[in-house]
Structure formats: C-alpha cells, structure tokens
1. What about Ala85, is it assigned to a loop (DSSP other than H, G, I, E, B) and among the aliphatic types (A, V, I, L, M)?
2. State whether one or more residues within the range 157-169 are within 25 Å of Gln48 (Cβ to Cβ), open to solvent by less than 90 Å² (accessible area, probe 1.4 Å) and not hydrophobic (A, V, I, L, M, F, W, C).
3. Return yes or no: is Thr201 in contact with a helix residue (DSSP H, G or I) (Cβ under 8 Å, 6 or more places away or on another chain) and touching a residue at least 24 places away in the same chain (Cβ under 8 Å)?
4. Go through (1) under 24 Å from the mean Cα position of the chain (by Cα); (2) among the basic types (Lys, Arg); (3) open to solvent by less than 20 Å² (accessible area, probe 1.4 Å) one by one and return the number of the condition Arg382 breaks.
5. Residues of the range 51-67 being assigned to a helix (DSSP H, G or I) and buried (at least 20 other Cβ atoms within 10 Å of the Cβ), which ones?
6. Does the range 75-90 hold any residues that are within 29 Å of Val136 (Cα to Cα) and open to solvent by less than 50 Å² (accessible area, probe 1.4 Å), and which are they?
7. Select from the range 1-50 the residues that are modelled with pLDDT of 55 or more, crowded, with 16+ Cβ neighbours inside 10 Å and of a type in the set (A, V, I, L, M, F, W, C) and list them in ascending order.
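The values are calculated or read from the model by the stated rules, or taken from the named source; none is laboratory data. Source: prediction; values computed, not measured. For neighbour counting, all protein chains shown are included, and Cβ atoms are generated from backbone atoms with ideal geometry for every residue, glycine included. Heavy atoms of the whole protein, side chains included, go into the accessibility calculation; ligands, DNA and RNA do not. Shrake-Rupley method; radii C 1.70, N 1.55, O 1.52, S 1.80 Å.
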Amino acid sequence: MPGARGPVPVPAAAPAGEPRDLTQQVLDKLATADAPLNTAEAFPDASQAEIKAALDRLASRDMVAYETLESEHLLLTPEAKKICAEGSHEFKVWDAVKRKGGVPVKELAKEVGAETAKVGQNVAFRNKWIKNEGSVLIPVAETVHDATRELLQSVDKTKAVDNAKTLTELKKRKLVTLAKVIRYKVQKGPKYARKMRVEHTDLTADMLASGDWESANFKPYNFNALGASQNAGALHPLNKVRAEFRHIFFNQGFVEMPTARYIESGFWNFDALFVPQQHPARDMQDTFFISDPAMADPPRDDPEAEAAMEQMEAGSRRLFASPDKPEPKPRDYEQYWADVKKVHQDGGFGSIGYRYPWSAEECLRLVLRTHTTAVSTWVLHRLAEDPRPARYFSIDRVFRNESVDATHLAEFHQVEGVIADFGLTLGGLMRFMEDFFGKLGIENLRFKPAYNPYTEPSMEIFGYHTGLGKWVEIGNSGMFRPEMLEPMGLPRDLRVYGFGLSLERPTMIKYKVSNIRDLLGHKVDLGFIEGNAAVRLDKN
C-alpha cells in the first residue's frame, strides 16, 4: 500500500483495472479459515514478493502472525513440457518406425527431427522397441508404454520424485531443475480485525485543536525496515595509511616539508644529491623529462616554498629556539652551484669526486621528480643557515619511467624522512627504522646493504607481505654523504639520516592487497575503497 501524509485509508477492494489489495484479501481469507492459511494454496497466482509485503504490513500491526516455509520443488524444463504434450523422444522414434513399417537410418532425422532422432534412437534400442536390419530401422514391439512421459506428467503435478536414481537421470537429461519455493503459514494475530483502521502518519495542529488525537490510530514505526543506502564519501586506503604515517611523524617531533612542486630541475633532483650526470637513473628509461620548457633557472630563492616552510616550522621554532640564537648565514646560491660543480668534476671537501666534465645544461634539465629527496635537499640547504638538530618528513607523489607490474607503478607515493643531529651512527638508523615500522605493526624487518650515490652506508628495508607470501622492499635508507652535505654549508660533524619509504607497499601489507594496480589506478574497485574501514596501524 502506498504511504501518504495524514490519514491512510485501506480500500476494501481494488477498483477495476487497479492492482488488487492483497492485504485485505488475506484478512478476508483468515475470517473464514478454520486452520492456518497456506499462501501457496490460498493465493497461487500471487508473487512471493507481493505476499511478503502484505504479511509484513499486517504483522507489524499484530493483526497476523506468520511462519516462513521453504522447500525445493522440481520444475520441468521446456523440453520436458514438450514431452508431456507430445511424447518422449524414444516414443516418437518407435511410432515413426511402426507407422512406416521401417525407416532408413539416414532418413530418421527427416521423420522425427534431428534432436529426437539422436536421443530417441538410443533409448528405443535399449528398450528393445526397434532394431536395425542393415541400414533400416524396423519395429520390434507391437505396443509400448511411454514411461518417460508419464513420469514427467507426475513430476509436473507433484513437483517431486521419490527415487534418487530417477532424479539423477532426469537432471542428467536436463528435463528437470530444482527451484526454491517460499510459502507462508498465516494465522490470526492478537489484534486481528476484518478491516484495517485508518492510520495517521502525522500529528497535526487540527487534531490537537479538535481533540481527535486522543482516539486517532497512528501508524507504528517499522524499526526493522532497511534505510535508504547512503552514498557517502570514503577515504582511500592510501589516505588512511598516510594519515597514520603523519601521526607517527608528528609524535616523534618531525616537521612536514612543502612538496607542492612535481617538476624539479636536475640540480635539486640529482646534482645536489651527488648523483653523477651519467648515472643510469637519469636516462630516459628511469626519468620523465619535460619538453616545454626544457630548462630551469639556476638555483635561486623560492618565496612560496620559503613561506610554506616557515609556517610548517613555526611551532617547532617556538618550542626549541634558543634565546641566544645566532644570526642565520645568508644562502649563497652561486657559491652552492660552484661547490656542487666542483665536487662532481674535480672533487672537494675531502673527496676526489667523479672526475668527469660536468654540464650545466644537463644539470638544469626539467624533470618530473623521481623522489621527494629533491625537497629534502632544498630543506637541508636551508638548514645550513642555522645548523642544528632537526627532523623533517614529507609524503607525496613521485614519478618513475618504470614498467607497471604487481608491485611497481610509474606514479606512486614516497614517504621521505630526514634526521639531522650530531654523533649519529648506522646502528641508530636501524634502531629508528625498527621502532618506526613497529608503530605500523610491521615487525621482523630485514636490512640489506645497498648503493645510493648520496648515502653511504646505505640499506634497503624489507617487510614480509602475507598476501604475496614473500619479502617485499618497503624502503631505502642511509647516511647522507659529506659530498652532499658540506657543499650546502653544513658543518662536518653534523650527520644526517635519510630514508625513503613506499606508501603503497605498507598499505598493501595492511589491507592484504596482492596487486598494486588494485590499490592505485584505473583498476581500483570503488567497493574496496568504500568497504574498508579506517584502521589503526599501531600494533597495540
């Protein structure tokens, strides 16, 4: 029955041409029934959905009580219904052979049809109704009993077969199918009445003024009804894990770095990091180069990044600034440029360098940043104004010209961390990484010696992925080389940890995703995003 605001009438009978009022028909049937009502018998032409809706409407008002009965019925397939009407395949073959007195095997399909000839001939032979003389089929039995037709007619009436072997044979021949049938046993409820009273859905001002509200029958709330599905937004699992990473960093005293620039010059992305210009990572196979414009300016002031960094670092400066803070050294970008060139081409700061002809043009080529360490380089150069212990982090997108597979993407997120302090050691870095990943619930890390142009020593970090069933690299780390730090103007005894971690791979481990393309990209299932609740990554 359709809902309405105000009084809700319940018609006794549907007008001609309108859908019938099944609710009222149930009440009428119960009025004359001596036993519980079986809906399959009382309303054979009503759908199960119509019956259920009518019964729920009445049961919510305690006018009826009902019990759901489920059973499996056998239903005839179209082929079986045709057999009931015309006879089985074997009977049709015998009948054609009997009428003709004999039928050549090659002409049987023309007489009874290809399907009947194929199926019926074998069964008729097995029943010894016909036999083969040369290439002609002749009758053997004068009269036959079409047991298949009678069996299917019986199944059509009773919806069942007593013999399990017979049922298996019928299903094998695709003559019957099993169907679930739902019916209801209905009886009068404690508030049964022949007719439903008019129900009100609103308490109106007129009812209050007239006093009708005292005797009005209000429609009860149906607390079992399902509410409308809410098309609400959902955080991507990567954003959930990113939020947990940021929470851990902030709790450990890190300051976030600005990462708004996806495009960097080769100077900040490679050369300032002591990556030689002939390094394979700078080839087209690993780096996306920008074609227009192709070249950047030499390193210079960046007011936007400076303002963002000042804002991010303001709280830390208020907490840890010394009252006798020295005047910061001004940044000399021309000297920094010259020192980077020197340490690459001729060596310096105690290093023999790479000793190759350094190219300013190669240094200024624009690229899609291959790591957020390009941002860390700028921040460390800024730190040289006022060298002090500091901790910085960033989480943002980076780009690599890589082949896409289950664990690699051309565009992904990097979690970058930098710790500057005096007296740092490699063992301290390993301990820090164990504590850091322990807060993510990832334990039993493995460290593998590695090579990076800008860190020495260097280590790759591995975590076990239960979904893939193998150890997966989840990060890279090391201690920044003097060739990188001293040209910036940082003191020799200030050492710096650097670590770059994947955001996608820890997310894959936490959410048991085996293919990174199911987590980020055009293959992502929105149901996966909406159905995964926010998780706490702490092992507690």
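1. no
2. Taking the range 157-169 first, the residues within 25 Å of Gln48 (Cβ to Cβ) are 157-161, 167.
In the following step, the residues that additionally are open to solvent by less than 90 Å² (accessible area, probe 1.4 Å) were identified as 158-161, 167.
From what is left, the residues that are not hydrophobic (A, V, I, L, M, F, W, C) are 158-159.
Scanning the range 157-169 turns up at least one residue that is within 25 Å of Gln48 (Cβ to Cβ), open to solvent by less than 90 Å² (accessible area, probe 1.4 Å) and not hydrophobic (A, V, I, L, M, F, W, C).
3. Details: in contact with a helix residue (DSSP H, G or I) (Cβ under 8 Å, 6 or more places away or on another chain): no; touching a residue at least 24 places away in the same chain (Cβ under 8 Å): yes.
When the stated conditions are applied, Thr201 does not pass them.
4. Among (1) under 24 Å from the mean Cα position of the chain (by Cα); (2) among the basic types (Lys, Arg); (3) open to solvent by less than 20 Å² (accessible area, probe 1.4 Å), the lone unmet condition for Arg382 is (1).
5. The answer is Ile51, Ala54, Leu55, Leu58.
6. Ala80, Ile83, Cys84, Gly87, Ser88, His89, Glu90, listed by residue number.
7. Leu22, Val26, Leu27, Leu30, Leu37, Ala40, Ala42, Phe43, Ala46
For every residue, the table says whether it meets (1) basic (Lys, Arg); (2) open to solvent by 30 Å² or more (accessible area, probe 1.4 Å); (3) under 29 Å from Glu486 (Cα atoms).
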position	(1), (2), (3)
Gly423	no, yes, yes
Gly427	no, yes, yes
Arg431	yes, yes, yes
Lys439	yes, yes, no
Glu443	no, yes, no
Arg446	yes, yes, no
Thr455	no, no, yes
Met459	no, no, yes
